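Q: Quick one: structure below, then a few questions.
The values are calculated or read from the model by the stated rules, or taken from the named source; none is laboratory data. Note that this is a predicted model, so its numbers are computed, not measured. Positions of Cβ are generated from backbone atoms using ideal geometry, with glycine treated the same way; all protein chains shown enter the neighbour counts. For accessibility, only protein heavy atoms count, side chains too; no ligands or nucleic acids. Shrake-Rupley method; radii C 1.70, N 1.55, O 1.52, S 1.80 Å.
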Amino acid sequence: MASDKSWELVQIKAFTAWLNENLKPRGLGVKDIKTDLSDGILLINFFEELSHKKVKTRYDLKPATRIHKIQNLGVAFSHLEDEMDMRRHGYAAEDIIDTDSRGIKMLLGLLWSLFRKYRIAVIKHSDKSSEEGLLLWCKEQTQGYKGVEVQNFRTSFKDGLAFLALVHHYDPAKTGVKYEEFSNEDPLKNLGAAFEYAEKELGVPKLLEPQEVADGKVDERALVLYTSLFFHAYRANEQARAASDLKAKTEAELEEEKRRKELLVKNNEELQTIIKDLEAKLLREKERGDSLEGSLVSEREESARLRGGISRLENLLKD
């Protein structure tokens, strides 16, 4: 019974964070999933974000009555089945509206099914997928860490060392975790530190109680859910780094292109200066040539005049 209650609390914390992560781009948010989803508005927006598809049916943006809320939830459930390929498994609008009297079990069941489809089933590592892929991923990320041997979710995380290794391996150069200072002799210390650092450095919310994990009393689904958050934190970090590298590469390429253009402009300006100098020099040479040609013409005319004078003198002498 205590395990069921603990599993319920883990789901409430995890799904509240997950809902807010998806609703934030729309300027929406959830504080209490027991009441905030009852009119269908946030659930519709959440389903649209997950499916990347708009609902095809009009719904009431300001549902004031119970019937309006039920109709909105009907629109959400239709989208769930038609566009998200999810079976309702007996979920009814009343299970969302009447959580005070009916409890939250059906709502959490719906959100858990969605979480498994969109956050766990999508995990693929090597030739494994879903929970098996997640376990293999954890095993590979923690390989080489003293005292860690990931074999299953039930026992491999009890002493906290596997979680500490996952936090440390996320960014060894920047993490505050000094892994060598921990040992399997104090599981509560390990788990407490791991959960603290995971929230601080990876953005993974504290969902589990160290004592329950150490005692092996935590629901295995809670361990799978919590560990999956590490996987997605790693992936988000890898994507952010890839985007940063791409941005840096693009900026470097743009800077190089700018440098080349500036060099071309400079070279063009220098070439234009050279061309202008050559044109001026050619013009001066042409003017000089024209002047020389004029002088030669005058000299030829003078020479012809003199030769004419000499001929006349010679003729006179002959006479």
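Q: How much length is gained on full extension from Lys281 to Gln151, taking 0.36 nm per residue of separation minus their Cα-Cα distance?
A: 38.1 nm
Q: Now for a separate question. Looking at region 210-319, which trypsin sites (Lys or Arg not before Pro) are DSSP coil and have at most 16 other C-beta atoms within 10 Å of their C-beta?
A: For trypsin sites (Lys or Arg not before Pro) across region 210-319 that sit outside H, G, I, E and B with at most 16 neighbouring Cβ atoms in 10 Å, the list reads Lys217.
Q: Further question: Taking Cα centroids, how far is region 228-265 from region 129-190 in Å?
A: Spelled out, the Cα-based centre of one part sits 31 Å from the other.
Q: Give me the net charge of Leu246's neighbourhood, meaning all other residues with Cβ under 13 Å from the Cβ of Leu246; Lys, Arg count +1, Asp, Glu -1.
A: Neighbour charge sum, excluding Leu246 itself: -1.
Q: Then there is this: Got a sec to turn the phi values of region 161-166 into Karplus ³J(HN,Hα) couplings, 6.51 cos²θ - 1.76 cosθ + 1.60 with θ = phi - 60°, whole Hz, x for Gly and Pro?
A: 5, 5, 5, 4, 5, 5
Q: Which residues' amide hydrogens lie under 5 Å from the amide hydrogen of Lys128, considering only partners 5 or more residues apart or on another chain, with H built in the peptide plane?
A: none
Q: Under a cut-off of 17 Å between alpha-carbon atoms, report the aspartates and glutamates in cross-link reach of Lys178, not counting same-chain residues fewer than 8 places apart.
A: Asp159, Asp186, Glu196, Glu199, Glu201
Q: Report, in degrees rounded to the nearest 10, the 0 to 90 angle that the Cα long axis of helix 2-23 makes with the longest principal axis of the chain.
A: On a 0 to 90 degree scale, this one is about 30.
Q: Would you look at the GNM of the chain, springs on alpha carbons closer than 10 Å, and say which of Asn20, Asn237, Asn268 moves the most?
A: Comparing Asn20, Asn237, Asn268 in the GNM, the peak value goes to Asn268.
Q: At a threshold of 8 angstrom on Cα-Cα distance, excluding pairs fewer than six apart, so keeping six or more, what relative contact order does the chain reach in percent?
A: Contact order relative to length: 12 percent.
Q: With r as the distance between the Cβ atoms of Ser129 and Glu262 and R0 = 45 Å, compute the FRET efficiency 1/(1 + (r/R0)^6) and round to 0.05.
A: 0.30
Q: Further question: Report the extension gain between Glu21 and Leu316 in nm, rounded to one decimal, defined as 0.36 nm multiplied by the number of residues separating them, less their alpha carbon distance.
A: That works out to 93.8 nm of additional length.
Q: FRET efficiency for Gln211 and Lys31, Cβ-Cβ distance as r, R0 = 41 Å, nearest 0.05?
A: With a Förster radius of 41 Å, E is 0.90.
Q: Mind checking which of Ile67, Leu108, Gly90 is farthest towards the positive end of region 56-111's charge dipole, using Cβ charges of +1 (Lys, Arg) and -1 (Asp, Glu) about the Cα centre?
A: The residue sitting farthest along the positive end of the dipole is Ile67.
Q: For the chain, what is the accessible area per residue in Å², given a 1.4 Å probe and the full set of protein chains?
A: 62 Å²
Q: Assuming a strict under-18 Å limit between Cα atoms, what lysine pair count do you get for region 209-319 once near-sequence pairs (fewer than 8 apart, same chain) are dropped?
A: Lysine pairs meeting the criterion: 5.
Q: Once Kirkwood radius over Cα pairs in Å is worked out from the coordinates, which option in (1) 20.7; (2) 21.5; (3) 26.0 does it equal?
A: (3)
Q: Another question about this same structure. For the chain, modelled as a Gaussian network with Cα springs under 10 Å, which listed residue fluctuates most, Ser291, Ser126, Ser113?
A: So, out of Ser291, Ser126, Ser113, the one fluctuating most is Ser291.
Q: Can you give the FRET efficiency to the nearest 0.05 for Ser303 and Glu255, using r as the Cβ-Cβ distance and R₀ = 45 Å?
A: Working from the Cβ atoms, E equals 0.05.
Q: Which residue fluctuates the most in the chain, going by a Gaussian network model with Cα springs under 10 Å, if the choices are Val218, Val297, Val55?
A: Top of the fluctuation ranking is Val297.
Q: Listed here are the pairs Lys5/Lys54; Lys24/Lys56; Lys13/Lys128; which of them are more than 30 Å apart at the Cα?
A: Going by Cα-Cα distance, Lys5/Lys54 fall outside the 30 Å limit.
Q: Residue by residue, what Karplus-based ³J(HN,Hα) values in Hz, rounded to whole numbers, does region 139-144 have, using 6.51, -1.76 and 1.60 with θ = phi - 60° and x for Gly and Pro?
A: Working through the residues one at a time gives 4, 6, 5, 9, 5, x Hz.
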